[in-house]
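I have placed the structure first, in the form of structure tokens, so that the comments after it can refer back to it.
The values are calculated or read from the model by the stated rules, or taken from the named source; none is laboratory data. Keep in mind that this is a model prediction, so the values were computed, not measured. Neighbour counts run over all protein chains shown; Cβ positions are idealised from the backbone, glycine included.
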Amino acid sequence: MAWTLAKLAAHVNGRVLGDGSAQIDSVATLADATDSQISFLTNKQYKPYLATTNAAAVIIATEEECPSNLLIVDNPHAAYAKIAQALYPVEKPAPGIHPTATVHESCTIHETVQISANVVIEENVVIGAGVSVGANCFIGKNSQIGQDTLIYPLVSLYHSTLIGERCIIHSNSVIGADGFGFAFDNGVWLKIPQVGRAVIGNDVEIGACTTIDRGAIGDTIIGDGVKLDNQIQIAHNVQLGDQSVIAAQSGIAGSTKIGKYFMIGGHTAVSGHLEITDNVVVTGKSTVTKSIKEPGSYSSTIPVEPSNKWRRYVGRFKRLESLSKRVAKCEETLKDKD
Amino acid sequence: MAWTLAKLAAHVNGRVLGDGSAQIDSVATLADATDSQISFLTNKQYKPYLATTNAAAVIIATEEECPSNLLIVDNPHAAYAKIAQALYPVEKPAPGIHPTATVHESCTIHETVQISANVVIEENVVIGAGVSVGANCFIGKNSQIGQDTLIYPLVSLYHSTLIGERCIIHSNSVIGADGFGFAFDNGVWLKIPQVGRAVIGNDVEIGACTTIDRGAIGDTIIGDGVKLDNQIQIAHNVQLGDQSVIAAQSGIAGSTKIGKYFMIGGHTAVSGHLEITDNVVVTGKSTVTKSIKEPGSYSSTIPVEPSNKWRRYVGRFKRLESLSKRVAKCEETLKDKD
Amino acid sequence: MAWTLAKLAAHVNGRVLGDGSAQIDSVATLADATDSQISFLTNKQYKPYLATTNAAAVIIATEEECPSNLLIVDNPHAAYAKIAQALYPVEKPAPGIHPTATVHESCTIHETVQISANVVIEENVVIGAGVSVGANCFIGKNSQIGQDTLIYPLVSLYHSTLIGERCIIHSNSVIGADGFGFAFDNGVWLKIPQVGRAVIGNDVEIGACTTIDRGAIGDTIIGDGVKLDNQIQIAHNVQLGDQSVIAAQSGIAGSTKIGKYFMIGGHTAVSGHLEITDNVVVTGKSTVTKSIKEPGSYSSTIPVEPSNKWRRYVGRFKRLESLSKRVAKCEETLKDKD
């Protein structure tokens, strides 16, 4: 369904430079857009495409040379998000329980809920209005799912898991599995029952193949508005603050408590039993092994070099102690010479 | 079901300091426990809570000032595990094959086995007494599952996989998928058929979204009592020794043979074709590229620093060669001066 | 089914040294092979087994002392792949739609396709000849799957995903889930609709629990012949060139464009918005943060050391700035002394 540029501008409190009656039906990149599409500029890297784009309009922060109509807003990224949401509305789930689903009679499922084929739901589960549960999902007993949450196919929620409202959970993620807890006893590992829960706030998005373990004692808690990418591991009893954003393949070990607006790049590891304050950023592939009390950006990222050069670097690194001693000896000799 | 503290103490060969008739029905942390709950102290970090806990009893190694009853044992962690197992007994599976399951008629399934909804089991599978197979699992032909093993929903076992007794396999893990084997031939990659199996010992726990590949030739072998966290990758023909414990998101590349009691932190990578002796520990986020012949602890973990400081470190690191040359020149000059 | 050695040799354009009439029915390692099995030597590490193997024949590049018949070829690895493929032919799928599958009536499914139990296929999906879809898979609407592709159980393909011909997709992988795109707006994260697709070429193999996200705008594109190991993450709008090979637990961040024959070791991370030319190799556990214009091998792998030694290394590393200043001071003093 097409919107006029003027209507889209009103939707995001923006200003049109050009023809507000232009009809827009979809989004595209600057390079690929055609004359019924809207694009945006937020990353300077793509600025060269501005001069030659065929877009009907470009969302942008400041006036620039461009053959297209401009939609000027303070925050082009946010405006783009709102416009794309308007042009691509999420389908309402089709209410009803598929005949192949297996739902325990004790469950409380709102009449507007969509339960897809082969879903299995154990006893005493409560599911709020407007929820969609994708094909072949499993929901363990005593779990609760808040309204308007969207669960994609093949998700496993273990028993007693709480999911907030308006969450999105992608395929093959697992929430509420046992945390990794064992006690060593006479040469073997004893399993420590994991008796807490996984409790997920509102407006949380959880990527594909992401795992959030239940608490060992007490709960694992994911705050409101948290966004987790694919293949993230959240261990037992982690507390992750509101609006935190974690990129793919990162992991947080057990019992670490993290404040709001934590942002970490991909492939980053955070040790267990730490406390991390609000507004901490960690760059990709880093390792956090101590608590962080000061907001700011932290790194231990090491970028690649050509392999032959890299091998020399590592060699030098491992001879640092000897280098240091040689410097000390020079200093000593110089002192002697005074 | 509540136990008296005296009965719990007898169960773990411990000694009560205080009221052995106290009724205990569940576990909790020192901070959260109420007067029908038992807690424990194993991590010094939590010792301050000892003075103010409301727990009915605390499991502990030595006598300490504490308002609660104490249960004194040599190994509080192991005693806690045993007590939690007693207070939270695992439910016996309800025997029977769910009518929506698809089980090949050639299978041998003990009468006490629980096969949940939508499980698919191919021909000639053998499943021992007391096994529970969760909803929507897949079990390939010729696989065998030992008695009392618990498989959570949405697990995929490829054909000819062997699982031992008393194992626990968490949701969305995949056992016996093809190893990653290709031969380069005239510009394209040829698939090498993976004709071995995945063979899992007894008392093994396998986390959610963990993958254990079948052997290329011969088998991938996981020893007895091994505990694997979530999102671990075990490649083809790895042999992992008994009682090894691997934290989340670590991986072991193909054909590496590892002894008993291997312990590795999260996000650690072990290269292929290595041999690692018994009793090796590797700290989190490390990389093992050579065989290890000596027991002990190994690391290449690099903890974060503030990003601006970190960038300077990396700059210095990459100029180490020049620094080293400058030191050599100083040494030369000093020698000349003698 | 057994082949004679002569027939296998003809199959791979090789030369027999010994008895071409030897019957061979399977493959094994040099150490384990019996007299009806063929083995191979490609890794020097295993050369000692050559003298004592009981194999019926050994595939090898040059004549060597060996009690077995030899099959001499230019590329033993490739010849082994072809011979193993011949001895272990892939089973043809049994055509038909299982009665428990839920397939929308609007789909176009070739009569030779196998749809296994509990598969759910939404509207307008097109599936080519000879495809096999494993148990409990989900295929979203408007997706297309090319002929002779093999999809193992529990795979989730989101809507509008395109899969080429002769692909293999392993269990619990997820293709076409939303990319990780959010815009920050007044303290909360707005979801950016992910309106592109995931487009997978021909002859691609995708490992277990691997995730390939759909494009944000435009498509995520995986080239022909690409091989992805388990637990790999490919973010939105990545373009990955033909015949690239990526080992387990590696990830490529959004919008990065990569040429042909990219090869990366396990646990490696590639940042977003980069361009990487053809024929680049990155060793395991490395981090690529900048575009790469020159073919060749790149690394930032750091191998383990004993932990006590390692801690000293890290300490020295973090004092490099001070060491560097001390060297400068020595240089200064020496200059003064001239």
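Values for this structure:
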item: Test result for residue B:132, surrounded by fewer than 14 Cβ atoms within 10 Å (Cβ to Cβ) and under 16 Å from residue B:143 (Cβ atoms); result: no
item: Filter result (farther than 28 Å from residue C:154 by Cβ, modelled with pLDDT of 95 or more and within 7 Å of chain B (Cβ to nearest Cβ)) within region A:188-218; result: A:188, A:189, A:190, A:192, A:195
item: Neighbours by Cβ (under 7 Å, 6+ apart or cross-chain): first from region B:28-57, farther than 18 Å from residue B:82 by Cβ; second assigned to a helix (DSSP H, G or I); result: B:30/B:46; B:30/B:49; B:30/B:50; B:31/B:49
item: Residue in region C:294-313 that is at pLDDT 95 or above, hydroxyl-bearing (Ser, Thr, Tyr) and part of a helix (DSSP H, G or I) present; result: yes
item: Hits in region C:68-80 - residues which are part of a loop (DSSP other than H, G, I, E, B) and crowded, with 21+ Cβ neighbours inside 10 Å; result: C:68, C:73
item: Residue count for region A:37-62, restricted to those that are assigned to a loop (DSSP other than H, G, I, E, B), surrounded by 18 or more Cβ atoms within 10 Å (Cβ to Cβ) and more than 29 Å from the chain's Cα centre (by Cα); result: 3
item: Wholly within region B:159-249, strands (runs of 3 or more DSSP E) carrying at least 3 residues that are free of Cβ contacts under 8 Å to residues at least 60 places away in the same chain and either of a type in the set (Ser, Thr, Tyr) or surrounded by fewer than 24 Cβ atoms within 10 Å (Cβ to Cβ) (or both); result: B:182-185, B:188-191
item: Residues located in region B:212-246, provided they are among the hydroxyl-bearing types (Ser, Thr, Tyr) and more than 12 Å from the chain's Cα centre (by Cα); result: B:220
item: Scan of region C:118-147 for residues that are out of contact with any Gly (no Cβ under 9 Å at 6 or more places or on another chain) and in a loop (DSSP other than H, G, I, E, B), ordered by number; result: C:118, C:123, C:124, C:129, C:130, C:134, C:135, C:136, C:137, C:141, C:142
item: Test: residue in region B:269-281 that is touching a His at 6+ places or on another chain (Cβ under 8 Å) and assigned to a loop (DSSP other than H, G, I, E, B); result: no
item: Filtered residues of region C:260-308 (kept if farther than 17 Å from residue A:286 by Cα, more than 10 Å from chain B (Cβ to nearest Cβ) and among the basic types (Lys, Arg)); result: C:293
item: Filter result for residue B:174 (assigned by TED's automatic domain parsing to the domain that holds residue B:235 and in contact with a helix residue (DSSP H, G or I) (Cβ under 9 Å, 6 or more places away or on another chain)); result: no
item: Filter result (buried (at least 17 other Cβ atoms within 10 Å of the Cβ) and closer than 19 Å to residue B:250 by Cα) within region B:288-326; result: B:288, B:289, B:292, B:298, B:299, B:300, B:301, B:302
item: Some residue of region C:276-290 being modelled with pLDDT of 95 or more and more than 20 Å from the chain's Cα centre (by Cα); result: yes
item: Residue identified as part of a loop (DSSP other than H, G, I, E, B), over 30 Å from residue B:17 (Cα atoms) and more than 29 Å from the chain's Cα centre (by Cα) among B:65, B:111; result: B:111
item: Filtered residue count, region A:103-124, keeping only those that are in contact with a strand residue (DSSP E or B) (Cβ under 8 Å, 6 or more places away or on another chain) and either closer than 14 Å to residue A:147 by Cβ or modelled with pLDDT under 95 (or both); result: 5
item: Flag for residue B:253 being within 14 Å of the chain's Cα centre (by Cα), buried (at least 19 other Cβ atoms within 10 Å of the Cβ), within 7 Å of another protein chain (Cβ to nearest Cβ) and of a type in the set (A, V, I, L, M); result: no
item: Residue in region A:88-102 that is at pLDDT 95 or above, in contact with an Asp or Glu (Cβ under 6 Å, 6 or more places away or on another chain), small (Gly, Ala, Ser) and not assigned by TED's automatic domain parsing to the domain that holds residue A:24 present; result: no
item: Checklist (1) surrounded by fewer than 24 Cβ atoms within 10 Å (Cβ to Cβ); (2) touching a residue at least 12 places away in the same chain (Cβ under 8 Å) applied to residue A:285, failing item; result: (1)
item: Pick from region B:84-129, criterion surrounded by fewer than 19 Cβ atoms within 10 Å (Cβ to Cβ), among the acidic types (Asp, Glu) and over 30 Å from residue B:26 (Cα atoms), ranking: farthest from the other protein chains (Cβ to nearest Cβ); result: B:111
item: Residue B:293 being out of contact with any Phe, Trp or Tyr (no Cβ under 8 Å at 6 or more places or on another chain), in the same structural domain as residue B:244 (by TED's automatic domain parsing) and on the phi > 0 side of the Ramachandran plot; result: no
